Amino acid sequence: MAREHDLYVVFGLPERDAADPGKLYNAAAVVGPEGVLGSYRKVHLGELPWVTEGAVYTPGTKLPLFPTRFGPIGVQICYDFWFNPELTRLLALKGARLIAVPVGSFAAPGRPDTMRATALARAQENLVHVAVSNSVGGPGTRAAGYSGSALTESLRPDDYVGHSMIAGPAFPRFGVLMAEAGSLEEIVVTTINLRQQARFEKVFDYRRWRAGRLASASRLIADEFQALADAAEG
């Protein structure tokens, strides 16, 4: 279908490790007109009693870029994006122009506001576009009498908030909310101007700076993270 309609599609699925069938990943596949480009495996997994993924899945260990005719894209899944800004920055430094973010964000007071704020922050921090696709509905919208999950009912709602959105830079503005859905199922569409995105490279070319005159900042950050990892392992 991607080949027929000349599209790139990112969709979530449980992925079994071909080399180790005992491992499952919370993953997102990337498919284009050329075929299957690969998958991204969620790095940050939640834990009980809020969600079950930490008891089921193995954390991912790679941050791949996926080549498209529009340029490289990166993928993150839910918690990776909302609460862990390091991953977006790393993907951007590696050359990503768009971050696709499939999420399952549940309803909570003010949740659409925090989603907008985070999407705009990630877009502005990294001067990339972000496309967030969130689930809608939940057990309460299925068959009458369906009780949902007893594990989570007392802790969080079982319905997803929707509000899929697309945000990105629009020179000279650093971050603009370009499109947003509501709480029901719908298609969100916008046009992304990559030439306009690239105009920031003339005035704020942080990728080149971090690889050149500010390489010391990259080394400092890498060293600090390495020290934290060493302390955790020790």
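Computed from the coordinates by the stated procedures, all read-outs in this text should not be read as laboratory data. All values reported here derive from a predicted model rather than from experimental measurement. So basically every Cβ, Gly included, is an ideal-geometry build from the backbone, and we count neighbours across all protein chains shown.
One chain, two ends: E47 and L24. Fully extended at 0.36 nm per residue, the span grows by 6.7 nm beyond their Cα-Cα distance.
For every other residue with a beta carbon closer than 14 angstrom to the beta carbon of L120, add +1 if it is Lys or Arg and -1 if Asp or Glu, then tell me the sum. Could you put the intermediate results ahead of the total?
On the way: positive: R116, R122, R173; negative: D113, E125, E180.
The answer is 0.
Amide H to amide H, with H built 1.01 Å from N, T58 comes under 5 Å of L24, Y25, N26, counting only residues 5 or more places away or on other chains.
Regarding segment 33-114, what is the average projected area of its C-alpha convex hull, in nm²?
Average projection, Cα convex hull of segment 33-114: 6.7 nm².
Total lysine pairs in the chain at Cα distances under 19 Å, for residues eight or more apart or on different chains: 6.
Helices in the chain that qualify as membrane-span-like (whole DSSP H runs, Cα extent of at least 15 Å along the helix axis, mean Kyte-Doolittle hydropathy of -0.5 or higher) are 215-233. Extension gain, H5 to V188, is 64.1 nm, computed as 0.36 nm per intervening residue step minus the present C-alpha separation.
With both partners inside the chain, how many of the DSSP beta bridges are antiparallel, as a percent to the nearest 5?
Values: 26 of 35 bridges.
Roughly 75 percent of the DSSP beta bridges within the chain come out antiparallel.
With contacts taken as Cα pairs under 8 Å and at least 6 residues apart, the chain reaches a relative contact order of 12 percent.
Rounded to the nearest 0.05, the FRET efficiency derived from the C-beta distance between N84 and L220 at R0 = 25 Å is 0.85. Peptides 7-13, 28-34, ordered by how many other C-beta atoms sit within 10 Å of their residues on average, highest first, read 28-34, 7-13. For the pair segment 160-222 / segment 92-109, the C-alpha centres are spaced 11 Å from each other.
For a protection proxy built on the mean count of beta-carbon atoms within 10 angstrom, sort 172-182, 209-219, 96-106 highest first, please. Let's see the in-between values first.
On the way: 172-182: 15.4, 209-219: 11.8, 96-106: 22.3.
Answer by packing, highest mean first, reads 96-106, 172-182, 209-219.
Scale the Cα Rg of the chain by the rule-of-thumb value 2.2 N^0.38 Å and send over the ratio, two decimals.
Details: Rg = 18.8 Å, N = 234, 2.2 N^0.38 = 17.5 Å.
Normalised Rg, Cα atoms only: 1.08.
The charge dipole of the chain, taken about its Cα centre with unit charges on the Cβ of Lys, Arg, Asp and Glu (plus for the first two, minus for the last two), comes to roughly 1020 debye. For R208 and F171, the difference between the fully extended length at 0.36 nm per residue and the C-alpha to C-alpha distance is 11.5 nm.
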